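Notes follow once the structure below has been shown.
The values are calculated or read from the model by the stated rules, or taken from the named source; none is laboratory data. Here the structure is a predicted model, which means the values were calculated and not measured. Please note: Cβ atoms are built from the backbone with ideal geometry, for glycine as well, and neighbour counts cover all protein chains shown.
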Amino acid sequence: MASEFSRQGRQGLALAGLIGSAWLLSLVISLTLPLNQISPLLLGSVILIRAFLQTGLFIVAHDAMHNSLVPEAPRLNRLIGRTCLFLYAGLSYRLCCKNHHRHHQAPESSQDPDYQPSTSDSIVSWYMHFLGNYLGWKQLLNLAGFWFVLFNLTRQYQPDQGLQLVLFCVLPLFLSSCQLFLVGTWMPHRRGVSSQPGVTSRSLALNPVLSFAACYHFGYHCEHHNSPSTPWFQLPLLRDHHLS
């Protein structure tokens with residue numbers, strides 16, 4: 001079946017599988033770590049790795065929303081997208097698709113759900129506005145239910161399982177949401193960044209290694225808006241072509 005996919009599709013599936021497998025493995029390992037026997041440095045490293053892989057789930061789902069994960073298989077795109085968004089934060093694939101396509105159709109306007117339409121430049125109010133368009137009671141129930149299942153599956157092995165969940169599930173999700181908001185929304189779309197008329201997104205001036213570490217090249221935002229069908233791992237090539 002893989003032979004029926006294009007090179008982009010095969011790469012997209014391989015990277016999605018790698019990110020998903022690493023996320024699952026890191027979840028299992030982190031929830032079984034003896035907290036009283038590990039150093040603060042290792043603890044912090046595991047939290048940051050979990051946050052980065054959590055962001056990876058959303059990036060894979062983001063490509064699925066643009067049908068660029070596996071272009072030849074829309075149903076597979078949707079299945080992977082739904083799964084990644086549920087694991088990410090219990091999010092609705094339908095709602096995320098609707099809001100994200102509205103963002104692309106009218107960026108930095110009152111119709112853009114990711115944009116802060118008020119005159120306030122407060123990053124906190126913008127962040128809360130951003131979250132409010134994606135998190136509702138259904139998503140919060142999904143998330144709470146998923147964490148409850150994890151708690152019950154692992155509490156017999158870890159006496160401090162509540163703390164483990166906070167450190168390796170709740171905190172990484174919060175850090176990931178901040179990463180996606182800062183690199184993928186606030187920095188590319190904040191006011192006063194560019195004086196060029198008609199410019200509705202800016203790219204961060206990062207080399208590919210830092211761009212990947214920052215948010216899976218989500219900071220190459222102008223390139224993404226100009227070519228939404230380009231998957232995340234091809235954005236550096238698109239940026240090189242744009243700059244040349």
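Within region 31-47, the residues that satisfy the criterion of being among the polar types (S, T, N, Q) and modelled with pLDDT of 90 or more are S39, S45. Checked against (1) out of contact with any Leu (no Cβ under 7 Å at 6 or more places or on another chain); (2) assigned to a loop (DSSP other than H, G, I, E, B); (3) among the hydroxyl-bearing types (S, T, Y), T185 passes all but a single condition, namely (2). Between S68, S125, the distinction of being polar (S, T, N, Q), under 24 Å from G20 (Cβ atoms) and at pLDDT 85 or above belongs to S68 only. For I80, the criteria (1) over 13 Å from the mean Cα position of the chain (by Cα); (2) over 18 Å from L18 (Cα atoms); (3) not in a loop (DSSP other than H, G, I, E, B) hold in every case but one, which is (2).
Here is the figure for region 147-162: residues that are in contact with a Leu (Cβ under 7 Å, 6 or more places away or on another chain) and over 17 Å from S26 (Cβ atoms) total 2. Within region 1-49, how many residues are of a type outside the set (A, V, I, L, M, F, W, C), in contact (Cβ under 8 Å) with a residue 24 or more places away in the chain and not in a helix (DSSP H, G or I)? Adding up the residues that qualify gives 2.
Could you count how many residues in region 87-111 are without any contact (Cβ under 8 Å) to a residue 40 or more places away in the chain and either charged (D, E, K, R) or in a loop (DSSP other than H, G, I, E, B) (or both)? Of the residues in that region, 7 qualify.
Listed conditions (1) out of contact with any Cys (no Cβ under 8 Å at 6 or more places or on another chain); (2) under 14 Å from F233 (Cα atoms) are all met by Q54, apart from (2). Is it the case that region 76-89 has a residue that's closer than 25 Å to Q156 by Cα, touching a helix residue (DSSP H, G or I) at 6+ places or on another chain (Cβ under 6 Å), charged (D, E, K, R) and at pLDDT 95 or above? Within region 76-89, not a single residue is closer than 25 Å to Q156 by Cα, touching a helix residue (DSSP H, G or I) at 6+ places or on another chain (Cβ under 6 Å), charged (D, E, K, R) and at pLDDT 95 or above. A search for C-beta distances below 7 Å between a residue of region 151-177 that is in contact (Cβ under 8 Å) with a residue 24 or more places away in the chain and any residue that is in a loop (DSSP other than H, G, I, E, B), counting only pairs 6+ apart in sequence or on different chains, returns Y157/T32; Q158/T32; Q161/R155; Q164/Q158.
Per-residue answers, yes or no, for (1) out of contact with any Pro (no Cβ under 9 Å at 6 or more places or on another chain); (2) at pLDDT 90 or above; (3) among the aliphatic types (A, V, I, L, M):
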{"residue": "Q161", "(1), (2), (3)": "yes, no, no"}
{"residue": "C169", "(1), (2), (3)": "yes, yes, no"}
{"residue": "R190", "(1), (2), (3)": "yes, no, no"}
{"residue": "V193", "(1), (2), (3)": "yes, no, yes"}
{"residue": "A205", "(1), (2), (3)": "yes, no, yes"}
{"residue": "S211", "(1), (2), (3)": "no, yes, no"}
{"residue": "F218", "(1), (2), (3)": "no, yes, no"}
{"residue": "H221", "(1), (2), (3)": "no, yes, no"}
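Answer with yes or no whether A16 is of a type in the set (A, V, I, L, M, F, W, C), buried (at least 18 other Cβ atoms within 10 Å of the Cβ) and closer than 16 Å to T230 by Cβ. Answer is yes for this residue. Residues in region 204-228 that are among the polar types (S, T, N, Q), over 16 Å from L180 (Cβ atoms) and either under 17 Å from the mean Cα position of the chain (by Cα) or surrounded by 18 or more Cβ atoms within 10 Å (Cβ to Cβ) (or both): there are none.
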